[in-house]
Amino acid sequence: MAVTLSHQSALDALRMVRSEGTSVHEMDAARLAAPSAWVGKRLGRKNFDPDVWRWQQPSASKPLHILVPSDRSRVRGGSIVAHISARDLPPGSVLWLDGHSGMVCPELLFLQMAESFSFPALVMLGLELCGHFARQADDPLMGDVVDGIPAATDADSIGRYLASLERVKGLTKARKALDFVCDHAVSAPEAVLATMYGLPPEESGYGLGPVHLNERVRVADGGQWTRDRHRYPDLMFDFAPVGLNYDGSKHFDVSDLMVAAEAFARSDEMTRGGAREALRKKLLAARAKILDDNLRDRQLAAQGRIVLPITKEDLSAGERLDELTRQVLSCAYEVFGVDVDRYLKTLDDALLARDRRDLLGALAPQGGSGRSSYGLL
């Protein structure tokens, strides 16, 4: 291994390998070594030829970040930024990527990004690392997101790693941000919701935390209790047994149904039977999903948990999310008698509402350039 990727370069590489289906837990540990050339005598352009180097290309506009063990091993050059590890790292801090490179582990990466990410963006990164999704390395805000993958780490592991360190740059900020990170986010919108609701008002959040994502709830099936029947509400609040289920565009894919309907409309006498059957199956699948969602909500309500639906459109504007939040607070008060006055004061504050809209627009951009002033790069 010749170089160890760190900071933003390690984040890009981690997103790439996770999106490809690699489990971080199956990656081998490596040692932090002084950088060395694998082509020629020094780290130059030939070493980063795409035929031999699959990671980020170093450039003046986006330099390659690497970690080195001492000042003597520092690499000079405007397209490579060398960060010095002045002390011995905890075991497992470096992971092997290939014969040319390794990268810092997710726990160390979380600490490193505290140097450059804003507080909300760092919380979002923690939710991604501890969740089952990965953003696109080249376009993390507007690019495709890969779901259904193993988590890179968990909040407890990050906490233990940070606890093993002292007097390290970014450590205080990382520890504070970790208080708002929870495990099991299965999608980027869930991470956005956990951030918006978990962060306190001074960080442009609603201050309704802590929250829990995809917590397992045992329910009765057909009126009978079984050991293996559970529901997993997307987000549950701690101040009241109220939560949210996110119904995004993937939850009920209308586009598939439209494609089947259009295919049936275009079909001729020879193909009409197959097109009709395909449309029938799509309609049955849609109906089954609707019925299961209704059953889920009833089962959770029977367990004393009221879970409200939230859609992609509710995340498109701060006003709509504020309106939904008022309904959450109304439910907590009217059904469970929870005192929600302090939360309502936060909602009613015009300056805080403006800050929330700005943060939501940065974390969940709806079109445009996707540029974020909150440092989520």
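The values are calculated or read from the model by the stated rules, or taken from the named source; none is laboratory data. Fair warning: this is a prediction, and the values are worked out from it, not measured in the lab. Neighbour counts are summed over all protein chains in view; Cβ atoms, including those assigned to glycine, are modelled from backbone coordinates with ideal geometry. Calculation scope for accessible area: heavy atoms of the full protein, side chains included, ligands and nucleic acids excluded. Shrake-Rupley method; radii C 1.70, N 1.55, O 1.52, S 1.80 Å.
Take the conditions (1) crowded, with 18+ Cβ neighbours inside 10 Å; (2) outside any loop (DSSP other than H, G, I, E, B); Ala152 misses just one of them, which is (2).
The residues in region 337-353 that are open to solvent by less than 30 Å² (accessible area, probe 1.4 Å) and either of a type in the set (Ser, Thr, Tyr) or over 13 Å from Leu208 (Cβ atoms) (or both) can be counted, and the count is 3.
Take the conditions (1) surrounded by 14 or more Cβ atoms within 10 Å (Cβ to Cβ); (2) within 30 Å of Leu352 (Cβ to Cβ); (3) small (Gly, Ala, Ser); (4) at pLDDT below 80; Ser204 misses just one of them, which is (4).
Select, from Arg31, Arg18, Arg87, the only residue that is of a type in the set (Lys, Arg), touching a strand residue (DSSP E or B) at 6+ places or on another chain (Cβ under 9 Å), closer than 30 Å to Asp156 by Cβ and surrounded by fewer than 17 Cβ atoms within 10 Å (Cβ to Cβ).
Details: Arg18 fails: surrounded by fewer than 17 Cβ atoms within 10 Å (Cβ to Cβ); Arg87 fails: touching a strand residue (DSSP E or B) at 6+ places or on another chain (Cβ under 9 Å).
Exactly one of Arg31, Arg18, Arg87 is of a type in the set (Lys, Arg), touching a strand residue (DSSP E or B) at 6+ places or on another chain (Cβ under 9 Å), closer than 30 Å to Asp156 by Cβ and surrounded by fewer than 17 Cβ atoms within 10 Å (Cβ to Cβ), namely Arg31.
Restricting region 229-248 to residues that are outside any strand (DSSP E or B) and of a type in the set (Asp, Glu) leaves a set whose member that is farthest from Asn214 (Cα to Cα) is Asp238.
Contact annotation: residue pairs with Cβ atoms under 6 Å, 6 or more positions apart or on different chains, pairing a residue in region 326-340 that is outside any helix (DSSP H, G or I) with a partner that is at pLDDT 95 or above, are Val338/Ala240; Val338/Ala332; Val340/Leu329; Val340/Ala332; Val340/Tyr333. The residues in region 17-47 that are more than 25 Å from Val146 (Cβ to Cβ) and part of a helix (DSSP H, G or I) can be counted, and the count is 3. Checked against (1) in a loop (DSSP other than H, G, I, E, B); (2) open to solvent by 10 Å² or more (accessible area, probe 1.4 Å), Leu95 passes all but condition (1).
For region 287-313, a tally of residues being in contact with a strand residue (DSSP E or B) (Cβ under 9 Å, 6 or more places away or on another chain), in a helix (DSSP H, G or I) and more than 17 Å from Arg229 (Cα to Cα) returns 1. Scanning region 258-315 for residues that are over 19 Å from Val242 (Cα atoms) and in contact with an Asp or Glu (Cβ under 7 Å, 6 or more places away or on another chain) yields one hit, Lys282.
Listed here are the residues, each with its yes/no results for (1) hydrophobic (A, V, I, L, M, F, W, C); (2) surrounded by 12 or more Cβ atoms within 10 Å (Cβ to Cβ); (3) at pLDDT 80 or above; (4) within 30 Å of Glu190 (Cα to Cα).
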position	(1), (2), (3), (4)
Phe252	yes, yes, no, yes
Asp256	no, yes, no, yes
Val259	yes, yes, no, yes
Ser267	no, yes, yes, no
Met270	yes, no, yes, no
Arg276	no, yes, yes, no
Leu283	yes, yes, yes, yes
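Within region 304-336, the only residue that satisfies the criterion of being surrounded by fewer than 13 Cβ atoms within 10 Å (Cβ to Cβ) and under 27 Å from Asp221 (Cα atoms) is Gly304. Could you say whether any residue in region 359-366 is modelled with pLDDT under 90, open to solvent by 40 Å² or more (accessible area, probe 1.4 Å) and over 30 Å from Val217 (Cα atoms)? Checked against the condition, which is being modelled with pLDDT under 90, open to solvent by 40 Å² or more (accessible area, probe 1.4 Å) and over 30 Å from Val217 (Cα atoms), region 359-366 yields at least one hit.
Scanning for something more than 30 Å from Gly207 (Cα to Cα), touching a residue at least 12 places away in the same chain (Cβ under 8 Å) and not basic (Lys, Arg), does region 115-130 turn up at least one residue?
Pass one, region 115-130, residues more than 30 Å from Gly207 (Cα to Cα): none.
No, region 115-130 contains no residue that is more than 30 Å from Gly207 (Cα to Cα), touching a residue at least 12 places away in the same chain (Cβ under 8 Å) and not basic (Lys, Arg).
For the structure I just gave you, tell me whether Gly77 is open to solvent by 20 Å² or more (accessible area, probe 1.4 Å), farther than 30 Å from Val192 by Cα, in a loop (DSSP other than H, G, I, E, B) and in contact (Cβ under 8 Å) with a residue 40 or more places away in the chain. When the stated conditions are applied, Gly77 does not pass them.
Test His100 against the stated conditions and say whether it is surrounded by fewer than 23 Cβ atoms within 10 Å (Cβ to Cβ) and either touching a Cys at 6+ places or on another chain (Cβ under 7 Å) or under 24 Å from Val186 (Cα atoms) (or both).
Numbers: surrounded by fewer than 23 Cβ atoms within 10 Å (Cβ to Cβ): yes; either touching a Cys at 6+ places or on another chain (Cβ under 7 Å) or under 24 Å from Val186 (Cα atoms) (or both): no.
No: the conditions fail for His100.
Here Val145, Val123 are screened, and the one residue that is surrounded by 24 or more Cβ atoms within 10 Å (Cβ to Cβ) and touching a helix residue (DSSP H, G or I) at 6+ places or on another chain (Cβ under 8 Å) is Val123. No other residue among Val168, Val181 is under 14 Å from the mean Cα position of the chain (by Cα), among the aliphatic types (A, V, I, L, M), in a loop (DSSP other than H, G, I, E, B) and farther than 21 Å from Val340 by Cβ apart from Val181.
Checked against the criterion of being open to solvent by 30 Å² or more (accessible area, probe 1.4 Å), polar (S, T, N, Q), outside any loop (DSSP other than H, G, I, E, B) and closer than 27 Å to Glu128 by Cα, region 60-74 contains not a single residue that satisfies it.
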